[in-house]
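Engineer: Quick one: this structure, given as C-alpha coordinates, is what I'll be asking you about.
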Amino acid sequence: MVTLLREDFARAFGHSSSNHFYPVLQQSTEVHSAFEGWSPRAEGAVYRVFVPLSASAGHAFHLEPETGAKMLGRNFRVHVDLECTCVREQLGDNSMLCFLHHSKEELSRKQEPSPLDTLCAGLYLDVEKTALWLYRSVRADWLLLPQSYHRHLMLLPSSRSCKMQLSKGKESFVVEVLFGVRQGDSNVFVSSQPTGVHFMPSTTWCETYAVAEASCFRHVARQAPQDIWHCKCLQLLTRIATGTGFSTYALKTVVMHLLNTGTLPHWSRRHFLQRMVDILDYLRCSLDKKRLDHFVVGNQRLPGEISLPPDLQRVEPPNLFQHLARDPNTHREAM
(Lines give C-alpha, C1' and ligand atoms only; values in the text may rest on other atoms or scores of the structure.)
Protein backbone atom coordinates (compact mmCIF):
# COMPACT_ATOMS: atom_id res chain seq x y z
CA MET A 1 0.00 0.00 0.00
CA VAL A 2 2.79 2.44 0.92
CA THR A 3 4.72 1.57 -2.24
CA LEU A 4 1.72 2.27 -4.47
CA LEU A 5 1.02 5.44 -2.54
CA ARG A 6 4.51 6.86 -3.01
CA GLU A 7 4.46 6.02 -6.74
CA ASP A 8 1.17 7.88 -7.19
CA PHE A 9 2.45 10.80 -5.12
CA ALA A 10 5.55 10.98 -7.32
CA ARG A 11 3.41 11.20 -10.46
CA ALA A 12 1.01 13.75 -9.00
CA PHE A 13 3.82 15.84 -7.51
CA GLY A 14 5.83 15.83 -10.73
CA HIS A 15 2.80 16.96 -12.73
CA SER A 16 1.87 19.79 -10.36
CA SER A 17 5.45 21.06 -9.87
CA SER A 18 6.62 21.31 -13.46
CA ASN A 19 6.48 25.12 -13.60
CA HIS A 20 8.47 26.07 -10.51
CA PHE A 21 12.08 25.99 -9.37
CA TYR A 22 11.71 24.01 -6.18
CA PRO A 23 14.08 21.05 -5.70
CA VAL A 24 13.41 18.05 -7.94
CA LEU A 25 12.27 14.88 -6.16
CA GLN A 26 14.18 11.81 -7.33
CA GLN A 27 13.13 8.15 -7.06
CA SER A 28 12.45 7.35 -3.43
CA THR A 29 13.84 4.47 -1.39
CA GLU A 30 12.10 2.52 1.36
CA VAL A 31 14.35 2.51 4.44
CA HIS A 32 14.57 1.37 8.06
CA SER A 33 13.04 -1.55 9.93
CA ALA A 34 9.43 -1.60 8.71
CA PHE A 35 10.52 -2.00 5.08
CA GLU A 36 13.62 -4.08 5.82
CA GLY A 37 11.39 -6.63 7.52
CA TRP A 38 12.51 -6.58 11.16
CA SER A 39 10.44 -3.92 12.89
CA PRO A 40 10.33 -4.77 16.62
CA ARG A 41 6.71 -3.61 16.72
CA ALA A 42 4.26 -5.23 14.31
CA GLU A 43 1.67 -2.62 15.27
CA GLY A 44 2.53 1.05 15.22
CA ALA A 45 5.44 0.65 12.83
CA VAL A 46 6.43 3.79 10.95
CA TYR A 47 7.02 3.28 7.22
CA ARG A 48 9.89 5.59 6.28
CA VAL A 49 10.55 6.66 2.71
CA PHE A 50 13.71 8.56 1.76
CA VAL A 51 13.44 11.01 -1.14
CA PRO A 52 16.64 12.42 -2.68
CA LEU A 53 16.48 16.05 -3.78
CA SER A 54 18.36 17.51 -6.73
CA ALA A 55 18.67 21.14 -7.69
CA SER A 56 16.26 22.63 -10.20
CA ALA A 57 17.36 24.23 -13.46
CA GLY A 58 19.68 27.18 -12.94
CA HIS A 59 20.75 25.99 -9.49
CA ALA A 60 23.30 23.62 -7.95
CA PHE A 61 23.70 22.01 -4.52
CA HIS A 62 27.15 21.90 -2.88
CA LEU A 63 27.70 20.14 0.43
CA GLU A 64 29.81 21.93 3.01
CA PRO A 65 30.94 19.93 6.09
CA GLU A 66 30.34 21.67 9.36
CA THR A 67 33.64 22.23 11.15
CA GLY A 68 34.43 20.18 14.22
CA ALA A 69 32.07 17.33 13.26
CA LYS A 70 33.08 13.74 14.05
CA MET A 71 33.29 11.07 11.37
CA LEU A 72 30.19 9.19 12.49
CA GLY A 73 27.10 11.32 12.12
CA ARG A 74 28.85 14.19 10.35
CA ASN A 75 26.81 17.30 9.74
CA PHE A 76 26.68 19.34 6.54
CA ARG A 77 25.12 22.45 5.10
CA VAL A 78 23.67 22.48 1.57
CA HIS A 79 24.93 25.56 -0.25
CA VAL A 80 22.64 26.63 -3.11
CA ASP A 81 24.46 28.26 -6.05
CA LEU A 82 23.03 29.94 -9.13
CA GLU A 83 24.20 28.69 -12.53
CA CYS A 84 24.07 30.52 -15.82
CA THR A 85 21.38 29.28 -18.24
CA CYS A 86 21.83 31.95 -20.92
CA VAL A 87 22.80 29.29 -23.47
CA ARG A 88 19.29 27.87 -23.24
CA GLU A 89 17.83 31.28 -24.07
CA GLN A 90 20.24 31.68 -26.99
CA LEU A 91 19.08 28.32 -28.34
CA GLY A 92 15.47 29.51 -28.27
CA ASP A 93 14.39 27.96 -24.98
CA ASN A 94 12.15 30.60 -23.44
CA SER A 95 10.86 28.41 -20.61
CA MET A 96 13.07 30.19 -18.07
CA LEU A 97 15.19 33.28 -17.62
CA CYS A 98 18.74 33.11 -16.29
CA PHE A 99 18.71 33.92 -12.59
CA LEU A 100 22.26 35.26 -12.83
CA HIS A 101 21.89 37.64 -15.75
CA HIS A 102 18.40 39.10 -15.53
CA SER A 103 17.27 41.77 -13.12
CA LYS A 104 15.25 40.86 -10.05
CA GLU A 105 12.38 42.99 -11.34
CA GLU A 106 12.23 41.10 -14.64
CA LEU A 107 12.53 37.74 -12.92
CA SER A 108 9.75 38.53 -10.44
CA ARG A 109 7.42 39.54 -13.30
CA LYS A 110 8.04 36.61 -15.63
CA GLN A 111 8.80 33.47 -13.60
CA GLU A 112 8.53 31.69 -10.28
CA PRO A 113 11.07 32.62 -7.56
CA SER A 114 14.35 30.85 -6.92
CA PRO A 115 14.57 28.44 -3.96
CA LEU A 116 17.09 30.95 -2.57
CA ASP A 117 14.06 33.15 -1.96
CA THR A 118 11.67 30.43 -0.78
CA LEU A 119 13.49 27.50 0.87
CA CYS A 120 16.81 28.93 2.04
CA ALA A 121 18.21 30.71 5.05
CA GLY A 122 20.76 32.95 3.42
CA LEU A 123 22.57 30.77 0.86
CA TYR A 124 21.79 27.44 2.55
CA LEU A 125 18.88 25.07 2.03
CA ASP A 126 16.67 25.13 5.11
CA VAL A 127 15.39 21.76 6.37
CA GLU A 128 12.29 23.15 8.06
CA LYS A 129 11.24 25.32 5.12
CA THR A 130 11.71 22.33 2.80
CA ALA A 131 9.62 20.11 5.08
CA LEU A 132 6.86 22.73 5.14
CA TRP A 133 6.92 22.91 1.33
CA LEU A 134 6.52 19.12 1.17
CA TYR A 135 3.66 19.25 3.69
CA ARG A 136 1.77 21.75 1.58
CA SER A 137 2.46 19.80 -1.59
CA VAL A 138 1.23 16.53 -0.08
CA ARG A 139 -1.96 18.20 1.13
CA ALA A 140 -2.63 19.57 -2.35
CA ASP A 141 -1.59 16.45 -4.27
CA TRP A 142 -3.70 14.14 -2.10
CA LEU A 143 -6.72 15.40 -4.02
CA LEU A 144 -5.09 14.26 -7.30
CA LEU A 145 -4.60 10.65 -6.24
CA PRO A 146 -6.96 7.86 -7.35
CA GLN A 147 -10.13 7.84 -5.29
CA SER A 148 -9.73 4.09 -4.84
CA TYR A 149 -7.63 4.78 -1.76
CA HIS A 150 -10.66 5.98 0.21
CA ARG A 151 -8.40 6.74 3.16
CA HIS A 152 -8.33 9.68 5.51
CA LEU A 153 -5.09 11.66 5.44
CA MET A 154 -3.94 13.41 8.60
CA LEU A 155 -0.64 15.30 8.53
CA LEU A 156 1.30 14.89 11.77
CA PRO A 157 3.58 17.51 13.36
CA SER A 158 7.22 17.21 12.38
CA SER A 159 9.63 20.05 11.64
CA ARG A 160 12.28 18.01 9.76
CA SER A 161 10.22 15.50 7.78
CA CYS A 162 6.77 15.03 6.29
CA LYS A 163 4.81 12.64 8.48
CA MET A 164 1.28 11.50 7.73
CA GLN A 165 -1.24 9.05 9.13
CA LEU A 166 -3.50 7.19 6.74
CA SER A 167 -6.60 5.54 8.16
CA LYS A 168 -9.61 3.59 6.98
CA GLY A 169 -12.02 2.37 9.63
CA LYS A 170 -9.96 0.83 12.44
CA GLU A 171 -6.90 0.34 10.24
CA SER A 172 -4.22 3.02 10.18
CA PHE A 173 -0.52 3.38 9.52
CA VAL A 174 2.06 6.16 9.61
CA VAL A 175 4.32 7.13 6.72
CA GLU A 176 7.27 9.46 7.24
CA VAL A 177 8.91 11.06 4.22
CA LEU A 178 12.56 11.94 4.84
CA PHE A 179 14.54 13.87 2.27
CA GLY A 180 18.15 14.76 1.58
CA VAL A 181 20.95 15.30 -0.91
CA ARG A 182 23.27 12.65 -2.32
CA GLN A 183 27.00 12.82 -1.74
CA GLY A 184 28.39 12.54 -5.27
CA ASP A 185 27.38 9.25 -6.91
CA SER A 186 27.45 7.28 -3.66
CA ASN A 187 24.77 5.60 -1.54
CA VAL A 188 25.44 8.03 1.30
CA PHE A 189 23.30 11.14 1.73
CA VAL A 190 22.82 14.11 3.98
CA SER A 191 19.37 13.86 5.45
CA SER A 192 16.62 15.85 7.10
CA GLN A 193 16.16 13.08 9.69
CA PRO A 194 16.50 14.37 13.25
CA THR A 195 19.19 12.76 15.40
CA GLY A 196 17.70 13.27 18.85
CA VAL A 197 19.79 16.37 19.49
CA HIS A 198 17.71 18.84 21.51
CA PHE A 199 18.54 21.79 19.28
CA MET A 200 19.73 21.56 15.70
CA PRO A 201 19.98 24.55 13.33
CA SER A 202 17.54 24.36 10.45
CA THR A 203 20.40 24.57 7.94
CA THR A 204 22.10 21.47 9.40
CA TRP A 205 21.77 18.21 7.45
CA CYS A 206 22.99 14.96 9.05
CA GLU A 207 24.91 12.28 7.20
CA THR A 208 22.80 9.13 6.83
CA TYR A 209 23.68 5.58 5.82
CA ALA A 210 20.06 4.37 5.73
CA VAL A 211 19.97 4.01 1.93
CA ALA A 212 23.22 2.01 1.87
CA GLU A 213 21.93 -0.27 4.64
CA ALA A 214 18.61 -0.79 2.87
CA SER A 215 20.60 -1.72 -0.25
CA CYS A 216 22.49 -4.33 1.79
CA PHE A 217 19.23 -5.92 2.93
CA ARG A 218 17.94 -5.99 -0.66
CA HIS A 219 21.24 -7.54 -1.79
CA VAL A 220 20.82 -10.30 0.82
CA ALA A 221 17.22 -10.89 -0.27
CA ARG A 222 18.33 -11.37 -3.89
CA GLN A 223 21.21 -13.69 -3.05
CA ALA A 224 19.61 -15.77 -0.31
CA PRO A 225 17.18 -18.70 -0.39
CA GLN A 226 13.51 -17.94 0.08
CA ASP A 227 13.37 -19.15 3.68
CA ILE A 228 16.16 -16.92 5.00
CA TRP A 229 15.39 -15.95 8.59
CA HIS A 230 17.86 -13.13 9.31
CA CYS A 231 15.06 -10.60 9.72
CA LYS A 232 13.22 -12.86 12.17
CA CYS A 233 16.43 -13.19 14.19
CA LEU A 234 16.79 -9.43 14.30
CA GLN A 235 13.12 -8.88 15.09
CA LEU A 236 13.25 -11.27 18.05
CA LEU A 237 16.46 -9.71 19.39
CA THR A 238 15.14 -6.16 19.18
CA ARG A 239 11.93 -7.16 20.97
CA ILE A 240 13.91 -8.86 23.74
CA ALA A 241 16.20 -5.83 24.04
CA THR A 242 13.36 -3.34 24.48
CA GLY A 243 13.99 -1.36 27.63
CA THR A 244 17.64 -2.35 27.87
CA GLY A 245 20.68 -0.26 27.02
CA PHE A 246 21.15 -1.92 23.63
CA SER A 247 20.00 0.14 20.69
CA THR A 248 18.22 -1.51 17.79
CA TYR A 249 20.91 0.00 15.56
CA ALA A 250 23.69 -1.84 17.41
CA LEU A 251 21.83 -5.16 17.06
CA LYS A 252 21.17 -4.47 13.39
CA THR A 253 24.88 -3.75 12.92
CA VAL A 254 25.84 -7.11 14.47
CA VAL A 255 23.48 -8.98 12.15
CA MET A 256 24.72 -7.09 9.07
CA HIS A 257 28.34 -7.95 9.92
CA LEU A 258 27.47 -11.63 10.23
CA LEU A 259 25.44 -11.62 7.01
CA ASN A 260 28.38 -10.05 5.20
CA THR A 261 30.86 -12.69 6.34
CA GLY A 262 28.78 -15.87 6.51
CA THR A 263 27.10 -18.24 4.08
CA LEU A 264 23.56 -17.10 3.37
CA PRO A 265 21.96 -20.60 3.07
CA HIS A 266 22.99 -21.13 6.71
CA TRP A 267 20.46 -18.45 7.69
CA SER A 268 17.47 -20.63 6.81
CA ARG A 269 14.75 -21.57 9.26
CA ARG A 270 16.39 -24.82 10.36
CA HIS A 271 19.55 -22.89 11.35
CA PHE A 272 17.59 -20.30 13.33
CA LEU A 273 18.79 -21.24 16.82
CA GLN A 274 22.43 -21.51 15.77
CA ARG A 275 22.32 -18.10 14.11
CA MET A 276 20.80 -16.62 17.28
CA VAL A 277 23.71 -18.09 19.24
CA ASP A 278 26.15 -16.63 16.70
CA ILE A 279 24.61 -13.17 17.03
CA LEU A 280 24.81 -13.26 20.83
CA ASP A 281 28.40 -14.55 20.68
CA TYR A 282 29.36 -11.70 18.36
CA LEU A 283 27.65 -9.23 20.67
CA ARG A 284 29.41 -10.68 23.74
CA CYS A 285 32.78 -10.53 22.00
CA SER A 286 32.14 -6.93 20.98
CA LEU A 287 31.28 -6.06 24.57
CA ASP A 288 34.46 -7.73 25.83
CA LYS A 289 36.51 -5.62 23.41
CA LYS A 290 34.29 -2.56 23.97
CA ARG A 291 34.23 -2.20 20.21
CA LEU A 292 31.56 -2.62 17.52
CA ASP A 293 32.61 -1.33 14.11
CA HIS A 294 30.14 0.67 12.08
CA PHE A 295 28.92 -1.49 9.21
CA VAL A 296 29.04 1.04 6.38
CA VAL A 297 31.78 3.56 7.16
CA GLY A 298 35.23 2.19 6.38
CA ASN A 299 33.92 -1.26 5.37
CA GLN A 300 36.07 -2.65 2.56
CA ARG A 301 33.78 -5.66 2.07
CA LEU A 302 30.51 -4.02 1.12
CA PRO A 303 28.67 -5.49 -1.88
CA GLY A 304 29.97 -3.99 -5.11
CA GLU A 305 26.69 -2.26 -5.90
CA ILE A 306 27.00 -0.07 -2.79
CA SER A 307 29.37 2.84 -3.19
CA LEU A 308 30.77 5.21 -0.57
CA PRO A 309 32.32 8.64 -0.86
CA PRO A 310 36.13 8.27 -1.06
CA ASP A 311 36.68 9.80 2.39
CA LEU A 312 34.39 7.19 3.99
CA GLN A 313 36.13 4.28 2.26
CA ARG A 314 39.56 5.03 3.65
CA VAL A 315 38.82 5.77 7.31
CA GLU A 316 38.88 3.41 10.26
CA PRO A 317 35.30 2.31 11.07
CA PRO A 318 33.83 4.30 13.96
CA ASN A 319 33.25 2.40 17.19
CA LEU A 320 29.55 2.19 18.12
CA PHE A 321 30.58 1.01 21.63
CA GLN A 322 32.86 3.94 22.32
CA HIS A 323 30.57 5.03 25.15
CA LEU A 324 31.20 1.69 26.90
CA ALA A 325 34.94 2.29 26.79
CA ARG A 326 34.42 5.68 28.44
CA ASP A 327 31.95 4.58 31.13
CA PRO A 328 32.83 1.44 33.17
CA ASN A 329 29.42 1.40 34.89
CA THR A 330 27.57 1.34 31.57
CA HIS A 331 29.89 -1.39 30.36
CA ARG A 332 29.23 -3.56 33.41
CA GLU A 333 25.49 -3.15 32.97
CA ALA A 334 25.75 -4.13 29.29
CA MET A 335 27.75 -7.24 30.19
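Engineer: Where does helix 230-240 land angle-wise versus the long Cα axis of the chain, in degrees 0 to 90, nearest 10?
Structural biologist: 80
Engineer: Something else: Roughly how tilted is helix 2-16, in degrees to the nearest 10 and between 0 and 90, from the longest Cα axis of the chain?
Structural biologist: 20
Engineer: Given 0.36 nm per residue, what is the gain on full extension from Met154 to Arg301 after removing their alpha carbon distance, in nm?
Structural biologist: 48.6 nm
Engineer: Can you give me the orientation-averaged projected area of the convex hull built on the Cα atoms of the chain, in nm²?
Structural biologist: Computed as one quarter of the Cα hull surface, the answer is 20.4 nm².
Engineer: Please work out the average accessible area per residue across the stretch 224-334, using the 1.4 Å probe convention, and give it in Å².
Structural biologist: With the other protein chains kept in place, the stretch 224-334 gives 56 Å² per residue.
Engineer: Once you've got the GNM for the chain with C-alpha springs shorter than 10 Å, pick whichever of Leu91, Leu258, Leu143 has the biggest mean-square fluctuation.
Structural biologist: Largest GNM mean-square fluctuation: Leu91.
Engineer: According to a simple spin-label model (label point 7 Å from Cα along Cα-to-Cβ), what is the distance in nm between Ala140 and Val46?
Structural biologist: A separation of 2.6 nm, rounded to one decimal place.
Engineer: Stretched out fully, how many nm does the piece from Arg332 to Glu316 gain, at 0.36 nm a residue minus the Cα gap?
Structural biologist: Net length gain for the segment: 3.2 nm.
Engineer: Any idea what angle helix 248-261 forms with the longest principal axis of the chain, computed on alpha-carbon atoms, 0 to 90 degrees, nearest 10?
Structural biologist: For 248-261 against the chain, the angle is about 80 degrees.
Engineer: Here's a follow-up. Kindly provide the helix-only [θ] at 222 nm of the chain, computed as the sum of -39,500 (n - 2.57) over DSSP H runs of four or more divided by all residues, to the nearest 500 deg cm²/dmol?
Structural biologist: Calculated at 222 nm, the ellipticity per residue is -10500 deg cm²/dmol.
Engineer: Between the stretch 97-122 and the stretch 274-335, what is the C-alpha centre distance in whole Å?
Structural biologist: 47
Engineer: Of Tyr124, Ser39, Leu145, which is farthest along the charge dipole of the stretch 1-209 in the positive direction, counting Lys and Arg as +1 and Asp and Glu as -1 at C-beta?
Structural biologist: Result: Ser39, furthest along the dipole toward the positive end.
Engineer: Using a 1.4 Å probe and ignoring any ligands, DNA or RNA, find the accessible area of Met1 and quote it in Å² to the nearest 10.
Structural biologist: 90
Engineer: Also, quick follow-up: For Met200 and Ser167, what is the calculated FRET efficiency with R₀ set at 45 Å and r taken between the beta-carbons, to the nearest 0.05?
Structural biologist: 0.90
Engineer: Continuing with the same structure: Quick one: length gained pulling Glu7 to Asn94 fully straight, 0.36 nm per residue minus the C-alpha distance?
Structural biologist: The Glu7-Asn94 span can extend by a further 28.3 nm.
Engineer: Please enumerate, by chain and number, the aspartates and glutamates with C-alpha under 14 Å from the C-alpha of Lys163, excluding those fewer than 8 residues away in the same chain.
Structural biologist: Glu128, Glu176
Engineer: Pop the C-beta distance of Lys129 and Ser186 into the FRET formula with R0 = 22 Å and round what comes out to the nearest 0.05.
Structural biologist: 0.25
Engineer: Another one. Checking a compactness column here: for the stretch 25-69, what do you get for Rg(Cα) / (2.2 N^0.38 Å), N being the number of residues?
Structural biologist: 1.72
Engineer: Also, quick follow-up: Give the peptides 297-303, 202-208, 105-111 in descending order of average Cβ contacts within 10 Å, highest first.
Structural biologist: 202-208, 297-303, 105-111
Engineer: Right, next: Of the heavy-atom accessible surface of the chain (probe 1.4 angstrom), what whole percent is carbon and sulfur?
Structural biologist: 52
The values are calculated or read from the model by the stated rules, or taken from the named source; none is laboratory data. Note that the structure is predicted; figures quoted are calculated from it, not measured. Note that each Cβ is placed from the backbone with ideal geometry, even for glycine, and that neighbours are counted across all protein chains shown. Heavy atoms of the whole protein, side chains included, go into the accessibility calculation; ligands, DNA and RNA do not. Shrake-Rupley method; radii C 1.70, N 1.55, O 1.52, S 1.80 Å.
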